[in-house]
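One structure is given here, and the rest of the page talks about it.
What follows draws every value from the coordinates through simple rules; no lab data is involved. Since the model is a prediction, treat every value here as computed from it, not as a measurement. All Cβ positions, glycine included, derive from the backbone under ideal geometry; neighbour counts span all protein chains shown.
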Amino acid sequence: MAEPLSFEAFFEAEARTLFRRLCAVTGNSAEAEEIMQDAFLALWERWDRIETIQDPTAYLYRTAMNVFRKRSRRATLALRRVLSPAAEPTPFAEIDMQQDVVAALAELTSRQRAALVLTDVMDYSSEEAGRALGVSAGTVRGLASRARATLRRQVGEQT
Amino acid sequence: MNEHRDLLENVGERFAFPDQAFERLARRRDRKRRNQRIAAGVVGITVFVAAVWIVTTGGPFDRALTPGASVPATTPPSVTDPAPDVTPRPGAVGFIGLAPVGATPSAPEHGELVLSLYGRSTTDGGRFRAWVYADGRIIWDMEGDFPYGANASTTGLLEQHLTPEGVERIRSEIVSTGLFAHDLTLLSGRVREDASGIQQPVGIIWGTIQVRGGDRLVSVTWSNPEMYPQDPGIVATPEQSTALERLDALLTHPESWLPASAWEDEEITAYVPSRYAVCYSATDRALGASRMVSLLPPTAQNLLGDRDRTRYGASDTGIYCSVVTTGEARGLAETYDAAGLRLDDRSINSRLGYLVESPDLPHGEVSIYFEPYLPDDQFLLCSPCG
């Protein structure tokens, strides 16, 4: 059951963590902030019926991942239309790329990073992560597995 | 498996959290709503004409109704930027916060709720709430910039008076959709991308209508699953979707769709409550009610410490609210001002609230705010929401 707070208090309590995780997924703070805002705005509209939402934090993350998925799909379509690879921002470009782990993360696709954040950071089951990302549980397992393998290889090579 | 948890969390921490993140969120919300209202304005004229025709003639579904004599002129909402200006303007009728000294409370103090409407309409795009009482009062507020509004963002709570026939007319209008046999939660509508690449709702956005049926209120809730994919509900049938679109057209200020004959007194006045809920909650979820109260100025501690409080939530954390009279609310606000508590400017365009900051609260603050009571003994749990 929900533990309602004022929306402002909920934002203060959850925003930093969500933003951090979205940065890990997108590799880009501007995009992370936009996704975070969209997710909070959806929940804000429902806040006075908060007691009907069983877990506001879970609702927030599911919405954020849904926004991420839609944006990725739109970005892919836009890229196909204009055939301009430059339209996609380089992930993690705004932080120190000399760091081995960051370089390794940049090797992953954003979908792989999303699967990893949901399963390894947030302890979602493959089914739950699949619902958030709009893919099957098997796809989540595949994405996360390839991501882990890449990270182990990349980080291992550099240490 | 968790070997990657620290790695991912550490990488995320290297990104700087945006300054004034909440204010940026609020500005984004205002921009988004303005865009929705602009888009709605394009199709709104058509829908509005249809709604007027439906209500004034009975439309295609209520042949028993007599055509209305006339339709009051409406003031279309402005789509100017509502973000920063929260100061009352000349000619404002509604207000935010506590009732002005000397204002006469709405009478009678208690009333039976006949129906309530709450949601965001594709016709207008602004959030609309209305409560209709058996004594004829319709109390409502709406987002947007109206000449009589409390500020550039919202009207504040307003009051008008319907005839008994007017009350029944709205009720039968809603019930005639056939959706109110029992509680329903429906999903309907879609989105389309406009020329600017902004996703605009088609059909419905979201809403809830409650209608009294005997001794209980029957509730129908709907939302657009392409806009709110996490919302629960069952997919509406085509007939239900059509009915929802009719209801959607009612989620806008009532003088735009009620005929003149429905009004006892069409003059818009401010709704002046007799009582307020004073609510408090902390960023730190572990902070209990007593601890929160102990951080308030002594006068407020004395008043709220002894007062019954209701907890909203299943555990011992959450929002706590107590009932106070308007006089007590004013006393509390004066106490907070005198103690130098900071106004909570995150929601100042919707309600009066303060922030309690203390070295004892390393993980955030306590927010304490006032919400008006309505005649059916409910209060608005979250004025800024929706």
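A few remarks follow.
- Cα-Cα P(r), the range B:275-372, percent of pairs per 10 Å interval: 16, 54, 28, 1
- Rounded to the nearest 0.05, the FRET efficiency derived from the C-beta distance between B:E266 and B:Q378 at R0 = 22 Å is 0.30.
- The range B:327-386, relative contact order [Cα under 8 Å, separation at least 6], %: 24 percent
- Distance histogram for the range B:320-366 (every C-alpha pair counted, 5 angstrom bins, percent rounded to whole numbers): 5, 19, 21, 29, 19, 7, 1
- The trypsin sites (Lys or Arg not before Pro) of the range B:281-359 that meet both conditions, a loop assignment by DSSP and at most 16 other Cβ atoms within 10 Å of the site Cβ, are B:R307.
- Relative contact order (%) - the range B:132-184, alpha-carbon pairs under 8 angstrom, separation at least six: 32 percent
- Whole-Å distance, taken between Cα centres, linking the range B:312-364 and the range B:96-153: 23 Å
- Treating each Cα of the range B:206-282 as an identical point scatterer and summing with the Debye formula, the log10 of I(q)/I(0) at q = 0.15, 0.24, 0.28 Å⁻¹ comes to -0.88, -1.16, -1.28.
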